[in-house]
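Novice: The structure under discussion is supplied below as structure tokens; questions concerning it will follow.
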Amino acid sequence: MKKAMICLMLCSALFFVGCNGESQKESTSNNSTKVTSSENTNSTEDQNNKENKEGEENKENDLNSSSSSSNTKTEKTTATTKNKITSTSGNSSVQIKDNKAESIYSEVKSYILSEQKKKPEAEKIKWSKVFLDKVDFAPLYDKYIKEGGNKNSVEDFALYISKNAPVQSNWKNLFEADFEQKYGQKVTKIKHLEGYLYQAYINIDGKDVPYVVVNSRTGYFHG
């Protein structure tokens, strides 16, 4: 009987020990699972935070890049606009100057050819229209202004070109054509007198006869 009781007690003890061991294993396993789950959760949160941070950095870089690009475009546009303004201003200035000069050239021609009627014959500025049309006014006008000429005086500039215009290299041919158109006769000989004055001859009854005196600079001739 005693032996039976002892055996029963030993079996009960062994059973409790076994149950306690299993309980501890399950507890340990549960704890390990909780730790792993916690670690996974923390890892996921860290990954999410990292991705969010990278996303914000990318957005900031995109904004900076966009701002830089916008500033560059603005600078280019501003520079282009300035260049256009400068270019337009420069062209306008040149155009005004050229128009002013062209106006003076036209006024000088008109003055010499048809606007001296009230002046005494000896005081008139006289040119052949053919020769006057060949004058390069631009360099003469620039020189006239540099030498202190009155830019508002057409008469002063007309006098200036009459004294300073270069003699055309083909002035004889120009004169002969102009003379023939006016008188219907050919010049047979041209003889130098003095300065810019030359004696022109025509043939009359088989002889060379002095007919007009011509100014080689202005082309003006008279009998």
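Every number here is computed from the coordinates shown, using simple stated rules; none is lab data. No experiment lies behind these values; they were computed from the predicted model shown. Here the Cβ is made from the backbone with ideal geometry for all residues, glycine too, and neighbour counts use every protein chain on show.
Novice: Where Lys and Arg each count +1 and Asp and Glu each count -1, what net charge lies around VAL209 among other residues with Cβ under 14 Å from its Cβ?
Specialist: Every neighbour counted, the sum reads +2.
Novice: Once amide H atoms are placed 1.01 Å from N in the peptide plane, what residues at a sequence separation of 5 or more from ILE202, or on another chain, have their amide H within under 5 Å of its amide H?
Specialist: THR188, VAL209, TYR211
Novice: Stretch LEU113-GLU194 to full length: gain in nm at 0.36 nm per residue minus the Cα-Cα span?
Specialist: Extra length available between LEU113 and GLU194 comes to 26.6 nm.
Novice: Longer than 25 Å from Cα to Cα, which of LYS146/LYS191; LYS124/LYS207; LYS118/LYS186; LYS117/LYS182; LYS129/LYS189 are they? Say none if no pair is.
Specialist: LYS146/LYS191; LYS124/LYS207; LYS118/LYS186
Novice: Assign one of three labels to segment 116-222, namely rounded, prolate or oblate, based on the Cα gyration tensor with a ≥ b ≥ c the square roots of its eigenvalues; rounded applies when a/c is under 1.5, prolate when it is not and a/b is larger than b/c, and oblate otherwise.
Specialist: prolate
Novice: Here's something else I'd like to know. Between LYS143 and VAL213, what's the calculated FRET efficiency when r is the beta-carbon distance and R0 is 30 Å? Round to 0.05.
Specialist: Working from the Cβ atoms, E equals 0.60.
Novice: Find, among the GluC sites (Glu not before Pro) in segment 93-193, those assigned to loop by DSSP (not H, G, I, E, B) with at most 15 other beta-carbon atoms within 10 angstrom.
Specialist: GLU115, GLU147
Novice: Assuming 0.36 nm per residue, please report the length gained on full extension of the stretch TYR183 to LYS163 beyond their Cα-Cα distance.
Specialist: Fully extending the segment from TYR183 to LYS163 adds 4.5 nm.
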